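Quick notes on the structure that follows.
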Amino acid sequence: MKRADHSPKKSRAVLEDLILYWMRGSHDSDIRAVVEFDGRLDFDRLARAARLCLDAEPVLGHRFVPDNFGAHWERVPDLDRSEIASLFETSAYDGDFGRFLVDAPGTDLFSGPQIRLSVLRSKADTLVIRINHVAGDGGGLKDLTLLLSETYRKLKENPGYAPPVNTGSRSLRQIFSRFGRADLLKIVRRSFRDAAEFLRPAKFLTSSLETGCRTHPAMLVRRVPAERFARVRAYGKSHSATVNDVMVAAHLRAFYRFLNPGGWPRLVITADLRRHLPREQAEAVCNLSGFFYLDLGRNLGESFDETLFKVRDRIDALKKDYLALGNFPLTTLAFKSLPLPLSLKVHDFLGHIQKKQAKTEGRVAPLFTNTGAFGDFRADFGGVNATNAYITTTVAYPPVVAVCLSGFAGGLTLTGGFYEGFIGRPLVERFLDLLIAELPA
């Protein structure tokens, strides 16, 4: 961590900020971290800790300002007057916590700050931390949760405590500086390979998109208990496959047998680029994620084993060829050489192609994210114990149904984000139930 005495008043937006600024047209742009406790938090101390985080990670206390070329971050005036934490003492969300995830106050990119906390209180508290995706991804939200929990604990012993200001890099240079020139040429080659694979067959030439129906945002939550998930891990290990391979196979089988029957089995998957960094740790709260495209051909396979072997072998091959880095050369060229409004239009055009290819013959497009293990140490708020913690998906705009996985204490939480005006809630509930049912017992 690089430190400074004061939070900067202005900073340039990096490439990933611009990418996620464009992606606001595909989702609600808020990622949530959820921490469930066996007791109650000190809400006033929590609110104070959240306010201090706005100084410690400067982007969180800034607002986003688009420019003719690129954009910049500008410090929010009088942050002490910003309402960033809310307490809800209500039973209105009993049995439907997913609705609270949608209803709780969100962030405003253009006025800031970039985080918002909500505590749902009954006998015990559930904390929801929202970050605007333009400021940070799932990994960035984990880093924020760690900072928040550490600050909360230290404020109990020292009410005057303030965490140091972090001036570490938020840029993709953290990743690309680790590659040589030969690697960068191969990443460009990965771009062409991704395009050639994903654009066959060319469904985008004849299909259309349903992008309206943005009514009734919804979030569903499903939990796979530790004992069940242990069997999933053991199954994967016995088949030389990762847990992610197993979960992708289950997602594909449930999605293309139920939500999009007859569609070409392919999947857009996000991947955390922090794997290239020491200890997989970024310098600051930021976005360090990329996309890759999984295409298994027309035949998904009859048995789960057949699907898993296809997924495992294809992802293993991609890992050896700069997985999830292929989308950056073209997007860098667009954002660096074109005025911002024009570069956004270029990305809109490419994004529509991507969604048409992903949905193929059906009307629903899939998106899959695995944020990995949450880590007990990040959810240590002292005095109360965390019984579960997870990162959620964003609420995806039509025609996408997004699924996110997050692990904690040996178990797994799945969240699904979608709009009920586009696809009925019972259909997505059934899809998630089938996904879990596909998992080997």
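The values are calculated or read from the model by the stated rules, or taken from the named source; none is laboratory data. On a predicted model such as this, the values are computed, not experimentally measured, just so you know. Cβ placement follows ideal geometry from the backbone for every residue including glycine, while neighbour counts extend to all protein chains displayed. We work out accessible area using only protein heavy atoms, side chains counted, and drop any ligands, DNA or RNA first. Shrake-Rupley method; radii C 1.70, N 1.55, O 1.52, S 1.80 Å.
Things to note:
- Counting only strands (runs of 3 or more DSSP E) that fall entirely inside the stretch 381-441 and contain at least 2 residues that are within 24 Å of Ser208 (Cβ to Cβ), the qualifying elements are 400-408, 411-419.
- For the stretch 293-312, the set of residues classified as in a strand (DSSP E or B) and either at positive phi or open to solvent by less than 10 Å² (accessible area, probe 1.4 Å) (or both) consists of Leu294 only.
- The requirement of being of a type outside the set (Lys, Arg), modelled with pLDDT of 95 or more and in contact with a strand residue (DSSP E or B) (Cβ under 7 Å, 6 or more places away or on another chain) is fulfilled somewhere in the stretch 337-346, by at least one residue.
- For Thr369, the requirement of being in contact with a Cys (Cβ under 6 Å, 6 or more places away or on another chain) and in a strand (DSSP E or B) is met.
- Check on Gly140, part of a helix (DSSP H, G or I) and within 18 Å of the chain's Cα centre (by Cα): yes
- Selected residue [within 28 Å of His352 (Cα to Cα) and modelled with pLDDT of 95 or more] from Val165, Val188: Val188
- Some residue of the stretch 341-349 being closer than 26 Å to Tyr397 by Cβ and touching a His at 6+ places or on another chain (Cβ under 8 Å): no
- Contacts under 6 angstrom Cβ, first residue in the stretch 102-130 being over 16 Å from Arg51 (Cα atoms) and free of Cβ contacts under 8 Å to residues at least 60 places away in the same chain, partner open to solvent by 30 Å² or more (accessible area, probe 1.4 Å) and not charged (D, E, K, R), 6 or more apart: Leu120/Phe88
- In the stretch 90-136, the residues that are farther than 18 Å from Ala389 by Cα and outside any loop (DSSP other than H, G, I, E, B): Asp103, Asn132
- Single condition Ala389 does not satisfy, out of (1) surrounded by fewer than 21 Cβ atoms within 10 Å (Cβ to Cβ); (2) under 18 Å from the mean Cα position of the chain (by Cα): (1)
- Within the stretch 263-291, residues that are assigned to a helix (DSSP H, G or I) reach partners that are open to solvent by 20 Å² or more (accessible area, probe 1.4 Å) with beta carbons closer than 8 Å, at six or more positions or on different chains, in the pairs Leu273/Ser289; Arg274/Glu280; Arg274/Gln281; His276/Arg178; Glu280/Asp272.
- Given (1) buried (at least 20 other Cβ atoms within 10 Å of the Cβ); (2) under 27 Å from Phe179 (Cβ atoms); (3) under 22 Å from the mean Cα position of the chain (by Cα); (4) not hydrophobic (A, V, I, L, M, F, W, C), number of the condition Lys355 does not satisfy: (2)
- For the stretch 174-191, the candidate set comprises residues that are among the small types (Gly, Ala, Ser) and not in a helix (DSSP H, G or I); within that set, the residue that is surrounded by the fewest Cβ atoms within 10 Å (Cβ to Cβ) is Gly180.
Here is a yes/no grid of residues against (1) surrounded by 15 or more Cβ atoms within 10 Å (Cβ to Cβ); (2) within 27 Å of Gly98 (Cβ to Cβ):
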position: Tyr235; (1), (2): yes, no
position: Ala249; (1), (2): yes, yes
position: Tyr256; (1), (2): yes, yes
position: Thr270; (1), (2): yes, yes
position: Arg275; (1), (2): no, no
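- A single entry from Val34, Val65 fulfils the requirement of being touching a Phe, Trp or Tyr at 6+ places or on another chain (Cβ under 6 Å) and in a strand (DSSP E or B): Val34.
- The residue pairs whose first member lies in the stretch 232-250 and is in a helix (DSSP H, G or I), whose second member is open to solvent by 20 Å² or more (accessible area, probe 1.4 Å) and at pLDDT below 95, and whose beta carbons are closer than 8 Å, counting only pairs six or more residues apart or on different chains, are Val232/Pro440; Tyr235/Pro440; Val246/Pro440.
- Criterion: within 22 Å of the chain's Cα centre (by Cα) and aliphatic (A, V, I, L, M) - qualifying residue of Leu323, Leu342: Leu323
- Verdict on Ala92 being among the small types (Gly, Ala, Ser) and more than 19 Å from Arg130 (Cα to Cα): yes
- Some residue of the stretch 207-221 being modelled with pLDDT of 95 or more, open to solvent by 10 Å² or more (accessible area, probe 1.4 Å) and touching a Leu at 6+ places or on another chain (Cβ under 7 Å): no
- Selected residue (criterion: nearest to Phe349 (Cα to Cα)) from residues of the stretch 29-54 that are open to solvent by 40 Å² or more (accessible area, probe 1.4 Å) and touching a residue at least 12 places away in the same chain (Cβ under 8 Å): Glu36
- Residues of the stretch 377-398 classified as at pLDDT 95 or above and farther than 22 Å from Asn132 by Cβ, total: 9
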